[in-house]
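Below: the structure, in structure tokens.
The values are calculated or read from the model by the stated rules, or taken from the named source; none is laboratory data. On a predicted model such as this, the values are computed, not experimentally measured, just so you know. FYI the Cβ positions are ideal-geometry reconstructions off the backbone, even for glycines, and counts take in every protein chain you see. With ligands, DNA and RNA removed, areas are computed over all heavy atoms of the protein, side chains included. Shrake-Rupley method; radii C 1.70, N 1.55, O 1.52, S 1.80 Å.
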Amino acid sequence: MVRKNQILIVIILLISFFSLFITFLNLFQGKDTTFKKKVVEFQYITQKGIVKLKLKGIIHDDEFNLEGINANTVVEWIEGIKKNKNILGVLIELDSPGGEVAPTKKIYKALMELKHQKPVVVYINGIAASG
């Protein structure tokens, strides 16, 4: 009976350590990759519908910074959306504490131009401060 209890305790400990390892692995690898440099070719969208842009993080224009919202990339996406006739509107999910002034204005200007061509809806998922 003692031997069975020891084996059971060892199994429970192994499972606990394994689940703890998986949790830490997910924490370190589970960074939100929402805005990592992706190739988004809006001109190749073939079905009519809306586009969702998920913008999360600090707004900047640093090409070497993969974290946050890169204004240059967002403006490129907006230009692609403008050109595509199959995109009927844009839904923007925003979660940002703000950021640099010039990049924020760059995104704002591009969105104001887009708004004249297609409906743009922004909803805040978390925080929307300053920018």
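Hey, any idea what % of the stretch 43-131's accessible area is carbon plus sulfur with a 1.4 Å probe?
58
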(message) Counting only other residues whose beta carbon sits under 14 Å from that of P103, what net charge do I get with K and R as +1, D and E as -1?
(response) -3
(request) Counting other Cβ atoms within 10 Å, keep those with at most 15, restrict to DSSP loop, and tell me which trypsin sites (Lys or Arg not before Pro) in the stretch 52-131 are left. (result) K85
